[in-house]
1. Between (i) 17.9; (ii) 23.0; (iii) 16.3, which entry matches mean projected area of the Cα convex hull in nm² as derived from the coordinates of this structure?
2. Dipole of the chain (Lys/Arg Cβ +1, Asp/Glu Cβ -1, origin at the Cα centre): which of 165, 291, 204 lies farthest to the positive side?
3. Relative to the longest principal axis of the chain, what angle (0 to 90°, nearest 10) does the C-alpha long axis of helix 2-29 take?
4. With a 10 Å Cβ neighbour count serving as the proxy for reagent exposure, in which order, fewest first, do 103, 92, 173 appear?
5. Arranged by the count of other C-beta atoms within 10 angstrom, fewest first, what order do 40, 270 take?
6. Quick one: dipole size for the chain, taken about the Cα centre, charges +1 on Lys/Arg Cβ and -1 on Asp/Glu Cβ, in debye to the nearest 20.
7. Contour minus end-to-end for residue 99 and residue 273, with contour as 0.36 nm per residue of separation and end-to-end as the Cα-Cα distance?
8. Using the Cβ atoms and a cut-off under 12 Å, what net charge is assigned to the surroundings of residue 98, where Lys and Arg are +1 and Asp and Glu are -1?
Amino acid sequence: MGFVIVLSVFLIASVVTIVDSIDLTVLTIYSYTRGFTPIIPRAGRLRVDRDIATRVSKLPQTERVVESSGFFFNVNTVFGRLPFVCFGVPEDDRDYLIQRSGDRLTQGRMPRKGLPEAVASEGIVRNRKLKLGDIIASPTDTGSLVSVPVPVKLVGILSGPTWIAFTSKEFTDEALPLVPHSILVTTHKVSDQVAFGDTLMGMLDRVRVQVFSFHSLVKELRSTLSSMYLIMGLVNGTVIFVVALMSGMLSNIYFTQRISEFAVLSAIGIRRRTLMVHAVSETAILTTIGWVLGSLVDLTFMTALRGRLFEPRGMLINPSDPFAFVYTLPIPLCITLFAIATIGYRLSRLDPVTIIERR
């Protein structure tokens, strides 16, 4: 029974961890919206209308409004390849945004003005299996929203929690003159950026501009994955029910094998409530140990497979995902409750004299 519990916990925790990797991957890819809020023009415009940019810059929460051009390159995800933007901004603004995002340059150098060069976060580098000097974007790339006319070389790597990439604004303005220019808006405090993004999304004309706020991306993602989470819940619920039923039947069988022991204890005066606590505590201890071992097995396997199997395929997983372990808690709880019900019923009908006479 302990082995079944370990396998069940490992199965459910690993499934939840893998499903949550979809959520984690997308939120990591677009984590830069925690540091600044991009606003892009719509309806064929090449730039955000001046009245909108002026209105945003005059808001009391606004610290800086940065005009940005850029290009896109692909990153690997569980959905396949998704476009990721490389921002073209002035040098001072680039350094400001990198520091604001919590990243720093650890390898190579920053892109030079006007040259097809880029700096990217180490998460992107691992995802694309790149190294310094490799081509991060090329005219031959397929599936990209805005391709570059010449190959762009990776000249620097950033370390930090945020996936982000930058090139020089002089390069993008010259090489991609017809690409729409966005504005990147920041707040005085980084902690206010997410809420400010929601404010901008609610106040600006959605016909003329599109606001990429963190919560809007999260909401869209949650809505997309709602059916998947429902299926996962049904599957896990079925597994938990089957495991609890089987384990309860095994507990009942073990209790039957020891029925004479409980009959003797009852005959010498031990209360049935005490016998009930004794029997159920054994099941509770076994299920707890099984849950702990199953969690450790899942943590070990997910950690070992993260760098070898998942990340090279664009899946970012958290081996210690708390939601995955919380999702397995019904297993020991249901097994214990099932044992209470079955053993309690058997003890309520226990006749120690008859059982002892049969021996």
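Computed from the coordinates by the stated procedures, all read-outs in this text should not be read as laboratory data. Everything numeric in this text was worked out from a predicted model, so none of it was measured. When we count neighbours, we look across all protein chains shown, and the Cβ atoms used for this are built from the backbone with ideal geometry, even at glycine.
1. (ii)
2. Of 165, 291, 204, it is 291.
3. The angle comes out at about 10 degrees.
4. 92, 173, 103
5. Arranged by neighbour count, lowest to highest, 40, 270 become 270, 40.
6. For this selection, approximately 520 debye.
7. Length gained between residue 99 and residue 273: 56.3 nm.
8. -2
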